[in-house]
Amino acid sequence: MTSSTVSDRVRSTGIVRLLVSGFFFLVAGSSAFAAGCGTSFPAGRHDLSLDINGQTRSAVYFIPSDYTGKRKVPVVFDFHGSNSNPDGQMNRSHWDEVAEREGFIVMALQGSLPGEFEGTHAWNVPGVTKAEGLDEGAFIRTAVHYATETFCVDPARIYASGYSGGGRMLSQYICDGHGDFAAAGFVMGLRAGYPEQEDGVWRPRKESCHPAKPVSIIAFSGLKDDVNPFAGGGKAYWQYGGEVALKRWADLNGCDPHPRGEKGDTATFSAYYGCKAGTSVISYVITDADHSWPGNRVRFRLAALQGETIREVDATGRMWDFFRNSGGELLAGTPQKTACPADKTTAGKEAGLQGKTCSQQVKSDNSEPVVTDGL
């Protein structure tokens, strides 16, 4: 039996119980609440505890200020890297800022392994982690079901992103046949199965990656990343390079084997299109990037017809644009102008960590991604 309790920084939801036998849920409250819609939640970050087979697992979720519980919204799961935690990851990715502007929920989960520093954690990645850890797949699966039962969520718009070790965990979760996510994004962490060596060449073991369905992939890599090198090598869990992983996902998704690309002095963009179920696999390899989340100093231009610039976004904003276009091939369209009132700021854990954002819903630009010159 598995149960869960919600311990919010702003306590408002009471106690919710999950019975995971067949993923049958008993939820206190009205039938509308049981369906995930009809109940509002306070804006900002909230702590979450899930008891899974007697083990307490932790997470943090973010509710945007315009959430009412009356309209189904997307959810983005944010997976931290090794030696980090959910709050640290959200501070790194700034998914809560994008969520506040665009009106969706973010849930950041915590790995079961202790990190090298107090208060930090890592993931027990199947096939490569040589440590005693908990079943991360069961945790992720339960957290997804918890989100769909507790919040007013569109099950067709559940996405995930992973940084470093969190990217490796997310990769393997999808490889293990869990079809929860419509699209997935990776920063310095895309994998396509366990590494194995054959005739001196490292590659993903095909038997270790069997996705339940085609899934759109967007990946960001740095040529100066010496932790998870794009060229391959590194620690035992890594070995095969980022380009090998991308090609493997293109094969798994049934994409056209010939990618389209654009090479510049600061970054290289490549994309595999013509994939099954309208999915795609795209990659940004940033020349001067090391093993860090590409922040505001790395910008991406979203261009409309005749190359007209719509707006610039950072890596997280680019990832969200990819997600909300269902991950498929982005077609040129008409730009949508938005206004951001100066008094609208993100609701967050601590003052000073969040920037100014817009709280209104922003429609998709349906635009072709282009890398800016000023990366």
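Residues whose amide H lies under 5 Å from that of Asp78, counting only those 5 or more places away or on a different chain, are Met107, Ala108, Leu109, Ser161; hydrogens are built 1.01 Å from N in the peptide plane. Footprinting exposure proxy ranking of Thr120, Thr279, fewest other C-beta atoms within 10 angstrom first, gives Thr120, Thr279.
Derived scalar couplings between HN and Hα for segment 88-98 equal x, 5, 5, 5, 6, 7, 6, 4, 5, 5, 5 Hz in order, rounded to whole Hz, by the Karplus curve 6.51 cos²θ - 1.76 cosθ + 1.60 (θ = phi - 60°), x for Gly and Pro. Exposure proxy for Val128, Val75: other Cβ atoms within 10 Å of each Cβ, ordered fewest to most, give Val128, Val75. Remark on Val281: its backbone amide H falls under 5 Å from those of Ile217, Tyr272, a criterion applied only to residues 5 or more positions apart or on other chains, H modelled at 1.01 Å from N.
Pull up the DSSP beta bridges for segment 3-296 and report the antiparallel fraction as a percent, rounded to 5. If I count the DSSP bridges inside segment 3-296, around 60 percent turn out antiparallel. Note that segment 156-173 has calculated 3J(HN,Hα) couplings of 7, 10, 10, 10, 8, 9, x, 10, 6, x, x, x, 5, 5, 5, 4, 6, 4 Hz, one per residue in order, obtained from phi through the Karplus relation 6.51 cos²θ - 1.76 cosθ + 1.60 (θ = phi - 60°); glycine and proline are x. By the beta-carbon count within 10 Å of each Cβ, the least crowded to most crowded order of Val201, Val313, fewest first, is Val201, Val313.
Stretch Ala236-Asp135 to full length: gain in nm at 0.36 nm per residue minus the Cα-Cα span?
Numbers: separation 101, 0.36 × 101 = 36.36 nm, distance 2.11 nm.
Extending this stretch completely gives an extra 34.2 nm.
Using the Cα gyration tensor of segment 3-296, with a ≥ b ≥ c the square roots of its eigenvalues, what is the shape: rounded (a/c below 1.5), prolate (a/b larger than b/c) or oblate (neither)? Prolate.
About its Cα centre, the dipole of segment 3-296 is roughly 660 debye, where the only charges are +1 on Lys and Arg Cβ and -1 on Asp and Glu Cβ.
Indicate the gyration tensor shape class of segment 208-273 (rounded, prolate or oblate), computed on the Cα atoms with a ≥ b ≥ c the square roots of the eigenvalues: a/c under 1.5 is rounded; otherwise a/b larger than b/c is prolate and the rest oblate.
Numbers: a/c = 2.47, a/b = 1.15, b/c = 2.16.
Here segment 208-273 falls in the oblate category.
Just so you know, all these numbers are worked out from the coordinates, no wet-lab data involved. Since the model is a prediction, treat every value here as computed from it, not as a measurement. Glycine gets a Cβ as well: all are built from the backbone with ideal geometry, and neighbour counts include every protein chain shown.
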